[in-house]
Amino acid sequence: MRYSYALVPLVSAMQAMAIDPDTWYFGNSLFYLGPPSGNSAITKATYSIVPPTVPSGAKVSNTKDQVWVSVWVGASSSAGDDNTNLYQPIFNWSLDQESQGCSASVDEWCVAASTFTPSGQLGQPYVTVPNNTPVDFEIAVENEKVVQTVIMDGKVVSKESDALDSPLKYLYSSNECYTGSGNCGSLAGYYINNLTVTLSAADSKFDQVMALNGVTDDGFTSSDGGLTWHTEWVKVNSVDFDSSSAVKSDFSSS
Ligand SMILES: *[C@@H]1O[C@H](CO)[C@@H](O)[C@H](O)[C@H]1NC(C)=O
Ligand SMILES: *[C@@H]1O[C@H](CO)[C@@H](O)[C@H](O)[C@H]1NC(C)=O
C-alpha cells in the first residue's frame with residue numbers, strides 16, 4: 001500500500017540541501033492516521049510520552065553546526081502539503097542544549113509546543129524534561145484555533161494557540177535527525193501511551209485508516225460508535241539514524 005510520508009518540514013529541508021550539505025533523516029517507525037470519512041475532522045488528540053534515553057553516538061565536527069534529534073506527534077489538515085500547518089508539540093535534543101535556549105543537561109530532552117507553518121516554525125521556549133518523566137500532550141481545536149498543551153507532573157509547562165488553517169484530517173508520529181556537521185547516532189525505542197483521538201462526527205471505520213509503519217499498537221478501538229478512538233499504546237522502535245536502511249530522507253514511500 002502506498003502511504004504518503006507526510007513530513008512537512010522536510011520540504012524546506014530538501015530545498016535547503018541544495019545549498020547546504022547538512023542532511024535530515026526520518027526514522028521509519030511511525031504511525032499514520034487519517035483521514036476520517038466525509039466531513040468529519042479530528043478535534044482533539046491526547047497522549048503521553050516518556051521520552052527515550054537521549055541519542056547515543058551523536059557527534060559534530062563543528063560545534064557551531066549542531067546535530068539535533070526530535071520526537072513528535074503532529075496534526076495537520078493535509079497529508080504533507082507544505083502549504084498547511086503541522087501542529088507538532090515537540091521533544092528536541094542537541095549536544096548543545098543551550099543552542100536551543102534550553103537549560104537541560106546533555107542526557108535530558110527539551111519539550112515545547114510548536115507549529116510548522118508555511119512561513120516558518122512557531123514555538124514556545126523549550127523546557128527541560130527530567131529523565132523518566134511522562135509528558136502529557138493535548139492538541140485541541142477550540143474556536144477555530146488549535147491549542148497545544150504540554151503537561152508535566154500535572155502542571156502546564158508549555159502552551160500555544162495558533163489559527164486553525166483548515167480542519168484537521170491527519171495525525172502522525174515521527175522522529176527526525178538533523179545531522180548538522182556530524183551524525184545523530186541511535187535513538188532508543190519509546191511508547192506513545194494512552195492515545196485518544198476525538199472526531200467531529202462519528203466514523204465507525206476510522207481504524208481502517210490507522211497505518212502502522214514499523215510500529216505496533218494495542219488495537220485502535222472506539223466504544224462510542226466511532227466518535228472517540230483509543231489505543232493504550234503505540235510502540236515505536238529504535239532507529240539508527242546513521243544506517244541508511246533505518247531511515248528515510250525522501251518525501252514519499254511505497
Ligand atoms: C532543535 O534544537 C536545535 C539545536 O539547538 C535547533 O537548531 C532547532 O531549531 C530545534 N528544532 C526545533 C524544531 O525547534
Ligand atoms: C488517559 O488520557 C485521559 C485523557 O484523554 C486521561 O483522562 C486519563 O487519566 C489518562 N490515563 C492515564 C492512565 O494516564
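Take the cross-link list K44/K159; K169/K235; K169/K205; K145/K205 and give me the ones stretching past 24 Å between alpha-carbons.
K145/K205
Pairs of alpha-carbon atoms within less than 8 angstrom and 6+ residues apart define the contacts here; what relative contact order does segment 14-155 have, in percent?
Contact order relative to length: 22 percent.
So, in nm, how far is label D217 from label D153 when the simple model puts each one 7 Å beyond its Cα toward the Cβ?
A separation of 3.2 nm, rounded to one decimal place.
Using a Gaussian network for the chain with springs between C-alpha atoms less than 10 Å apart, which of these wobbles most: V156, V73, V129?
Comparing V156, V73, V129 in the GNM, the peak value goes to V156.
Can you put K248, K64 in order of Cβ neighbours within 10 angstrom, beginning with the fewest?
Neighbour counts put them in this order, fewest first: K64, K248.
Counting other C-beta atoms within 10 Å, which of D203, D240 has the fewest, and how do the rest follow?
The fewest-first ordering by Cβ neighbours comes to D240, D203.
Using every Cα-Cα pair within segment 58-139, state what percent have a distance larger than 18 Å.
I get 47 percent for the Cα pairs in segment 58-139 exceeding 18 Å.
For a quick check: sort L122, L164 by the number of other beta carbons within 10 angstrom, fewest at the front.
Fewest-to-most ranking of L122, L164: L122, L164.
Classify segment 162-201 as rounded, prolate or oblate from the Cα gyration tensor: take a ≥ b ≥ c as the square roots of its eigenvalues, call it rounded if a/c is under 1.5, otherwise prolate when a/b beats b/c and oblate if not.
It comes out oblate by the Cα gyration axes.
Find how many whole Å separate the alpha carbon centroid of segment 194-215 from the alpha carbon centroid of segment 96-173.
What the calculation gives is 22 Å, centre to centre.
Considering Cα pairs under 8 angstrom that are at least six residues apart, work out the relative contact order of segment 36-93 and quote it in whole percent.
Normalised by residue count, the contact order of segment 36-93 is 27 percent.
Angle, helix 8-17 long axis vs. longest principal axis of the chain, Cα atoms, 0 to 90°, nearest 10?
Helix 8-17 sits roughly 30 degrees off the main axis of the chain.
Would you kindly calculate the mean projected area, averaged across all directions, of the convex hull enclosing the Cα atoms of the chain, in square nanometres?
Averaged projected area of the chain's Cα convex hull equals 12.8 nm².
Through the Karplus equation 6.51 cos²θ - 1.76 cosθ + 1.60, θ set to phi - 60°, convert the phi angles of segment 231-238 into ³J(HN,Hα) values in whole Hz; use x for Gly and Pro.
So the Karplus estimates, Gly and Pro as x, are 9, 5, 7, 10, 9, 9, 7, 4 Hz.
No value in this document is a laboratory result; all are computed from the given coordinates. Note that this is a predicted model, so its numbers are computed, not measured. When we count neighbours, we look across all protein chains shown, and the Cβ atoms used for this are built from the backbone with ideal geometry, even at glycine.
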